[in-house]
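For reference, the structure is listed below as structure tokens.
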Amino acid sequence: MPQTDPSIPNAAGGKEGKDPSRGLIALAVVSTLIASTCCVLPLVLVLVGITGAWMVNLTALQPYTPIFTVMAIAALIWAGYLIFLKPAKACSTLDGAACGTTRRATKWIFWGCALFIAALLSFPLFAPYFY
């Protein structure tokens, strides 16, 4: 098995073993979940059968929704830049196919998370139809 130098950038644009775009995608998903806590979480809990007066406390984060929404969109834009627009560096492994596969998987993860984030952020527009 060939040894790789951790100082050589990989195909994803980061150092070997560290891909900043995945962390940004995770930040975007978490920010979106927090931003939509006031609307999505109560509906999911009711659909599952969990109810109670304590669910009123879930609206405590509602004033911070714009902050988390901006954080999610900014992280998603930054991750998209790192994945799609930043030129990929030469692969540090001997087999270039592994880098192409990793890059393709990262793009699929990005698009899946972007659709999930878009659904969560647009949910407050459709929530009145469910209640």
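The values are calculated or read from the model by the stated rules, or taken from the named source; none is laboratory data. Just so you know, these numbers come straight off a predicted model, no measurement behind them. Cβ sites come from the backbone with ideal geometry, for glycine too, and all protein chains shown count toward neighbours. Note: accessible area is taken over every heavy atom of the protein model, side chains too, but ligands, DNA and RNA are not part of it. Shrake-Rupley method; radii C 1.70, N 1.55, O 1.52, S 1.80 Å.
Points worth noting:
One line per residue, one yes/no per condition, for (1) within 21 Å of I25 (Cβ to Cβ); (2) open to solvent by 60 Å² or more (accessible area, probe 1.4 Å); (3) at pLDDT 85 or above:
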| residue | (1), (2), (3) |
| --- | --- |
| T59 | no, yes, no |
| T65 | yes, no, no |
| W78 | yes, yes, yes |
| A105 | yes, no, no |
| I109 | yes, yes, yes |
| I117 | yes, no, yes |
| L121 | yes, no, no |
| P128 | no, yes, no |
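- Some residue of the stretch 67-75 being among the hydrophobic types (A, V, I, L, M, F, W, C), modelled with pLDDT under 80 and assigned to a helix (DSSP H, G or I): no
- Hits in the stretch 80-101 - residues which are farther than 19 Å from F68 by Cα, at pLDDT 70 or above and crowded, with 16+ Cβ neighbours inside 10 Å: L82, I83
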